[in-house]
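Coordinate-derived values only; no laboratory data. A quick note: this is a predicted structure, and the numbers were derived from the prediction, not measured. Using ideal geometry, Cβ is built from the backbone for each residue, glycine included, and neighbour counts are taken over all protein chains shown.
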Amino acid sequence: MAELRGTPRGEGRRVAVVASRFNESITSALVDGALDALVKHGVRFDDIDVLWVPGAWELPLAVRGAMATEHYDAIVAVGAVIRGETPHFNYVAGEASRGIADATIEGEIPVGFGLLTCDTLQQAEERAGGLHGNKGWDAALAALEMIELMQQLDVTDES
């Protein structure tokens, strides 16, 4: 039996953080968490690009665009969709999530998923550096781990 597991090693890696400006007080905290995790795990600050998009709806296109450059080893997508009084939340949260998942599968580049889908602003704050940690940090670590795991599977080139 073989057991494979990636480790969050960032040395020599280039990473894009794709972030939604909508709910920017939350997403800025998620970006800060992602940057902190990446740098603390060996990614040089100069090897990280932050791409800001208008909202969560635009995240999948920007993720695909970053993948198309073939410049990055991984991408971290962060944003916050907070439920309102209309069904708009369901469409944006669901389609942005699906679009990011589709890009990940089709692009074969690890994407850390840090899109919050919360009922309240308080829930989002708790997940952007509050009581429940920082999901931007978690998404960045997941992306780094997946780079190495995919290399162990010989799915991606060693960079």
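In this structure, is ASP32 charged (D, E, K, R), without any contact (Cβ under 8 Å) to a residue 12 or more places away in the chain and in a helix (DSSP H, G or I)? No: the conditions fail for ASP32. Out of everything in region 1-54 that is within 14 Å of the chain's Cα centre (by Cα) and small (Gly, Ala, Ser), what residue ends up being surrounded by the most Cβ atoms within 10 Å (Cβ to Cβ)? My answer is ALA34.
Scanning region 113-122 for residues that are within 17 Å of PHE89 (Cβ to Cβ), in contact (Cβ under 8 Å) with a residue 24 or more places away in the chain and not acidic (Asp, Glu) returns LEU115, LEU116, THR117, CYS118, THR120, LEU121.
Residues of region 60-81 that are aliphatic (A, V, I, L, M), buried (at least 21 other Cβ atoms within 10 Å of the Cβ) and over 17 Å from LEU144 (Cα atoms): ALA62, ALA80, VAL81.
Going by what's in this entry, would ILE109 be described as in contact with a Phe, Trp or Tyr (Cβ under 9 Å, 6 or more places away or on another chain), in a helix (DSSP H, G or I), surrounded by 16 or more Cβ atoms within 10 Å (Cβ to Cβ) and free of Cβ contacts under 8 Å to residues at least 60 places away in the same chain? Against the criterion (in contact with a Phe, Trp or Tyr (Cβ under 9 Å, 6 or more places away or on another chain), in a helix (DSSP H, G or I), surrounded by 16 or more Cβ atoms within 10 Å (Cβ to Cβ) and free of Cβ contacts under 8 Å to residues at least 60 places away in the same chain), ILE109 does not qualify.
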